[in-house]
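Working notes, beginning with the structure itself.
The values are calculated or read from the model by the stated rules, or taken from the named source; none is laboratory data. Since the structure is predicted, the reported quantities are computational estimates derived from the model, not experimental observations. Note that each Cβ is placed from the backbone with ideal geometry, even for glycine, and that neighbours are counted across all protein chains shown. Heads up: the accessible areas ignore ligands, DNA and RNA and are worked out on the full protein's heavy atoms, side chains in. Shrake-Rupley method; radii C 1.70, N 1.55, O 1.52, S 1.80 Å.
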Amino acid sequence: MRVFSGVRPTDKLHIGNYLGAIKQWLEFQEKSESVFCIVDLHGITTPYSPKSYQKEILEKTAEYLACGLDPEKCIIFIQSRVKEHTELAWLLGTICQVGELQRMTQYKEKRQQHKSAAAGLLNYPILMAADILLYQTDIVPIGKDQVQHLELTKTLAKKFNARFGKTFKIPEPFLPKLGAKIMALNDPKKKMSKSMPETCLFLFDEPKDIKKKIMSAVTDTGKTIEYDPKRKPGISNLLTIYSLFADEPIKKIEKQFQGKGYAELKKSLVKLLEKEMEPFRRKRKELLNRNSYVEEILNQGERKARVIAQSTMNDVYKKMGLTG
Ligand code: TYM
């Protein structure tokens, strides 16, 4: 069974990225063939800085390693260095309807947010489909916001197989039972999102920031600490974060805080996060001084990824009549 997932190198990693996706990657690398991609070509569809981009990409790789990705157990590589991604994206674009792309929620949101109708933003999900299909992927661990893109990926794979003969595996999304949509701390009806940094608890935040952000997180009316996302979105979000970092069921945490107030829950969560997030910060610091080690991991990953990608592309070219 092969697992593939990706994350954009732009902006800082927040706990939504970690709990929704990366934590699952760590579990998969222990039991399945796992391929993880830093999608730098997706990152340039919204404003970015070309001068510092290479540095950011290296830093981001160091951050995934700090999270626990192990190059002995998975392939980690940079999307733009394996040219097959853009080749397949072009080919898939020939069978994808414009209407299918215009319907994508993320496209509509980003278009409005960045006041841009660049074709790259519209075509974004085709490149994502190419990423996944190139590796004959079975499982794609993602957060809830990427499910629509995965549905389109499946549609494209099925369409391609029907038209040109069986070429691609049909991938399935994998969403964690809890944490597939971590909400903004200051507005728990919205998703925690890098595009709104003020809503985020970043994975490498210092203890003083953790304290400030958690203590000022929006809570709900009433006093009881119970998990009920509709009625109590703020407290439910904090309980979700608590449960996932403490590795304990929500029910147990509810019991622990029975009869206690919101402030107590928050204080205890701050303590937990300070402890659990410390190793991430420490490892990140270590790795940021080891650029050549990180580069070597990326070179290795690129070589391994290319072998799989080229094998799929040979088949695709044949099936599409582009080679004899
Ligand atoms: P990106 O970089 O926005 O996010 C990376 C992963 O984090 C998840 N995520 C969340 N999970 C829970 N709660 C949140 N608040 C939250 N915010 C983000 C995302 O669902 C994602 O899994 N298009 C993708 C990158 C991509 C990709 C791929 C993913 C490109 N090609 C192929 C999988 C397979 C993206 O922008 O993710």
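Okay, here's what the table says:
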{"quantity": "³J(HN,Hα) computed for each position of the range 57-69 - Karplus, 6.51 cos²θ - 1.76 cosθ + 1.60, integer Hz, glycine/proline x", "calculated": "5, 5, 4, 5, 4, 4, 5, 5, 5, 5, 6, x, 5"}
{"quantity": "Accessible-area ranking of Trp90, Trp25, largest first, probe 1.4 Å", "calculated": "Trp90, Trp25"}
{"quantity": "Carbon/sulfur fraction of accessible area - the range 97-208, other protein chains in place, 1.4 Å, %", "calculated": "54 percent"}
{"quantity": "Cleavage-rule hits, trypsin sites (Lys or Arg not before Pro), the range 1-106, DSSP coil, Cβ neighbours within 10 Å at most 14", "calculated": "Lys83, Arg103"}
{"quantity": "Most fluctuating residue given options Pro279, Pro188, Pro171, as computed from a GNM of the chain linking Cα atoms under 10 Å", "calculated": "Pro279"}
{"quantity": "Percentage relative contact order, the chain, counting C-alpha pairs under 8 Å, at least six apart", "calculated": "23 percent"}
{"quantity": "Greater than 23 Å apart at Cα, pairs in Lys191/Lys255; Lys23/Lys194; Lys110/Lys144; Lys251/Lys283", "calculated": "Lys191/Lys255; Lys251/Lys283"}
{"quantity": "Cα-based radius of gyration of the range 2-131 once divided by 2.2 N^0.38 Å, which approximates compact folds", "calculated": "1.09"}
{"quantity": "The range 197-285, relative contact order [Cα under 8 Å, separation at least 6], %", "calculated": "34 percent"}
{"quantity": "Distance between the range 134-202 and the range 1-50 - C-alpha centres, whole angstrom", "calculated": "11 Å"}
{"quantity": "Other-chain or far-sequence residues with amide H under 5 Å of Ile75's (modelled H)", "calculated": "Ser34, Val35, Phe36"}
{"quantity": "Pairs of Cα atoms farther than 26 Å apart, the chain, %", "calculated": "50 percent"}
{"quantity": "Pairs of alpha carbons in the range 72-145 whose separation is greater than 19 Å (percent)", "calculated": "45 percent"}
{"quantity": "Accessible surface, the range 120-232, averaged per residue in Å² (probe 1.4 Å)", "calculated": "47 Å²"}
{"quantity": "Among Tyr48, Tyr107, Tyr124, residue whose mean-square fluctuation peaks in a GNM of the chain (springs only between Cα atoms under 10 Å)", "calculated": "Tyr48"}
{"quantity": "Taking the convex hull of Cα positions in the range 168-220, its mean projected area over all directions (nm²)", "calculated": "5.7 nm²"}
{"quantity": "FRET E, pair Arg163, Arg81, Förster distance 25 Å, beta-carbon r, rounded to 0.05", "calculated": "0.25"}
{"quantity": "For the chain, share of DSSP beta bridges that run antiparallel, in % to the nearest 5", "calculated": "10 percent"}
{"quantity": "Cα pair distances of the range 197-285 binned at 10 Å [whole percent]", "calculated": "17, 51, 27, 5, 0"}
{"quantity": "For the range 257-324, convex hull volume per residue from C-alpha positions, Å³", "calculated": "181 Å³"}
